[in-house]
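Below you'll find the structure, written out as structure tokens, and then a few comments.
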Amino acid sequence: ISRLMACGGLCKSSLYLEQHATITLCAVYLPEEPDSVLLGAAILGACAAKTYDSLLQAMQAMCRTSECICPDQSEELRRYHDAKYAVFLRMYEDQRAYRELMSS
């Protein structure tokens with residue numbers, strides 16, 4: 001995975017988007033149309049009206065990106081997020097061990 005497509009209410013949070021780009025090391029693309037529900041309805045309507053032969057064609061014609069948020073690739077942040085992920089993995093394994101203890 002090299003890029004993420006964001007939609008919905010979370011597109012309004014620049015902090016959320018910047019953090020996801022940095023943590024995943026993926027570019028995050030924002031849609032030109034901020035209301036994804038309306039765009040989805042318009043795409044389905046266009047298909048129902050036979051304006052396009054398929055959903056894929058309608059999506060390719062009607063969907064555009066407006067902005068790309070690139071990840072911060074600083075070494076300091078990479079080490080920080082790698083350490084946080086290691087903590088998460090350890091906590092996950094601990095939780096599995098606790099469940100095993102409680103189910104015995």
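Each reported figure results from applying straightforward, stated rules to the coordinates on display, with no laboratory input. Owing to the predicted nature of the structure, the values given are computational and were not obtained by experimental measurement. As a convention, Cβ positions derive from the backbone with ideal geometry for all residues, glycine included, and neighbour counts pool all protein chains shown.
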Fill in the blank from the handout: With a ≥ b ≥ c from the Cα gyration tensor eigenvalues, square-rooted, and the rule rounded for a/c under 1.5, otherwise prolate when a/b > b/c and oblate otherwise, the stretch 54-104 is oblate
Problem - Theoretical FRET efficiency, 1/(1+(r/R0)^6), r = Cβ-Cβ of M5 and E93, R0 25 Å, to 0.05 - result: 0.20
Practice task
Using only Cα positions of the stretch 1-51, each an equal point scatterer, no hydration layer, compute I(q)/I(0) via Debye at q = 0.28 Å⁻¹ and quote the log10 values to two decimals.
Solution key: -1.00
